[in-house]
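Novice: Pasting a structure here, questions to come.
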Amino acid sequence: MRFRSVLRLAILILSGLLILTFAWLSSRPMLPPPPLSPPAISPSESQHFRVLAIVVEGANRELINLATPYLVADLKAPEEITVALSTLATGISQRGEEEVEPFWRTAMRRGLKAAVLFWPEIYPDSELKADYTVAPASCYGSSSLHTVSFSQPPSIPASLPPSFSPPVEGIVEIREEGGLMASLHLWALDSSDDSKSNYAAVLLEGSQKPLHPGEWLALEVDHHLHSGSLFKLLELSPEAKRAVLYRTPLCYTYAFPPSLLQELNKKLGFFRPPPDPQSLAEGWIKPEDASFLEKEVTRWTTEAIALVWEQYKPDLLLAHFPQSSTLTAESLRPLAEGMREGEVMVLISLAPEGFLAVYGGEKQSLANPFSLSAEDVAPLLLSLLLR
């Protein structure tokens, strides 16, 4: 009995101590929890797609078939092209602020690398530039028609190709804004072994390829700026009395960082000049010449996209094509079919019947199109980047 009484008393004392302790703890003010900070997202810690997005003005729906798309959507964009481009490129700030920012800047703030190529008003000196930036075509001067007379040179360079008649020399003067910018030697060559003067080609200083009537030549003219023109030999008299050459405006590549600019100049040369409507109106070039110049722009820009995508490996690459007449499935297919695991290509058409198509990422295709507005595009691309 005595043991039970002692045990009961011990239990009562312990219960009282627990009650008093709980009451004392309850009466103390609670400390606020430590502030929560969002975890930093880095490419190495997060899973995301590498996204190559190409925006084309006026592309038709046949381009969708450049490869088997994973996803196709009808795209409703504003009729005003500048408004449409602005809407596509705008993403809401992740900090919850009222101002907006280009979505590639949002991606960059989250630790991802972005490349923006040929986007209107985005230049290497812009506050909104990306990690890798290539400006739209930077050109100066005007197209010209050069009529060249030839004469016997005081000496013949040993580097000239063989000629069955003595090479004759002329000068091509490139003048811009009233001043002489460059003076290039032009030699007429006779490649026909027919025992008479029959000049059929010319060699322009700085080139190693003889130019025949009807042929085009890309030549760097300013070695400091690395700007250049495309020349076409329109006429050459067999007696080499005169030659007529057409020259496009001078264009150069403007890119950031300097290492990218050097790589583009080394591997692709100067930014190809677009066709000049005034030259077409004057009859200096024909419609087929304008088509050739457009194809040259398309070739240069698609090769620049491939170089940046493959060599610099940005998480996002956004490229803009202002023209679509020469942009074909064949020119884009290597990019789409080159998508590896974890990479997607997004083709966006700004047209009355615009579309958005996604290639890569998955093997199956979603056959039924759905609708998007231009405001949906930036969030969609960000969701692929920051998933």
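Novice: Report, by residue number, each residue of region 202-221 that is out of contact with any helix residue (DSSP H, G or I) (no Cβ under 9 Å at 6 or more places or on another chain) and surrounded by fewer than 17 Cβ atoms within 10 Å (Cβ to Cβ).
Specialist: Scanning region 202-221 gives E205, G206, S207, Q208, K209, H212, P213, G214, E215.
Novice: Looking only at region 307-331, which residues are modelled with pLDDT under 95, more than 21 Å from P275 (Cα to Cα) and not small (G, A, S)?
Specialist: Hit for region 307-331 is E330, nothing else.
Novice: If A23 satisfies every condition in (1) exposed (fewer than 11 other Cβ atoms within 10 Å of the Cβ); (2) at pLDDT 50 or above but one, which is the exception?
Specialist: (2)
Novice: Still on this structure: So if I check each of E239, E215, E263, which one is under 26 Å from P153 (Cα atoms) and either in contact (Cβ under 8 Å) with a residue 24 or more places away in the chain or aliphatic (A, V, I, L, M) (or both)?
Specialist: E239
Novice: What about G111, is it assigned by TED's automatic domain parsing to the domain that holds W309 and of a type in the set (G, A, S)?
Specialist: yes
Novice: Tell me, which residue of region 164-191 that is assigned to a loop (DSSP other than H, G, I, E, B) and more than 19 Å from Y246 (Cα to Cα) is modelled with the lowest pLDDT?
Specialist: By that ranking, first place goes to S191.
Novice: Let me ask something else. Within region 213-235, does at least one residue satisfy the condition of being of a type in the set (S, T, N, Q), out of contact with any strand residue (DSSP E or B) (no Cβ under 7 Å at 6 or more places or on another chain) and under 30 Å from A53 (Cα atoms)?
Specialist: No, because not a single residue in region 213-235 is of a type in the set (S, T, N, Q), out of contact with any strand residue (DSSP E or B) (no Cβ under 7 Å at 6 or more places or on another chain) and under 30 Å from A53 (Cα atoms).
Novice: Okay, moving on. Does E79 meet the test of being under 16 Å from S373 (Cα atoms), at pLDDT below 85 and not in a helix (DSSP H, G or I)?
Specialist: yes
Listed here are the residues, each with its yes/no results for (1) among the basic types (K, R); (2) more than 24 Å from Y140 (Cβ to Cβ); (3) in contact with a Phe, Trp or Tyr (Cβ under 9 Å, 6 or more places away or on another chain).
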| residue | (1), (2), (3) |
| --- | --- |
| F271 | no, no, yes |
| D276 | no, no, yes |
| D289 | no, no, yes |
| K295 | yes, no, no |
| L307 | no, yes, no |
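Novice: Inspect region 151-161 for any residue being surrounded by 18 or more Cβ atoms within 10 Å (Cβ to Cβ) and of a type outside the set (F, W, Y) and give the result as yes or no.
Specialist: No, every residue in region 151-161 fails to be surrounded by 18 or more Cβ atoms within 10 Å (Cβ to Cβ) and of a type outside the set (F, W, Y).
Novice: Here's a check for you: in region 111-148, which residue that is surrounded by 18 or more Cβ atoms within 10 Å (Cβ to Cβ) and farther than 23 Å from T301 by Cα is farthest from the chain's Cα centre (by Cα)?
Specialist: Top of the filtered list is V148.
The values are calculated or read from the model by the stated rules, or taken from the named source; none is laboratory data. Remember, it's a predicted structure, so these values are computed and weren't measured experimentally. Here Cβ is always computed from backbone atoms with ideal geometry, including for glycine, and neighbour counts include all displayed protein chains.
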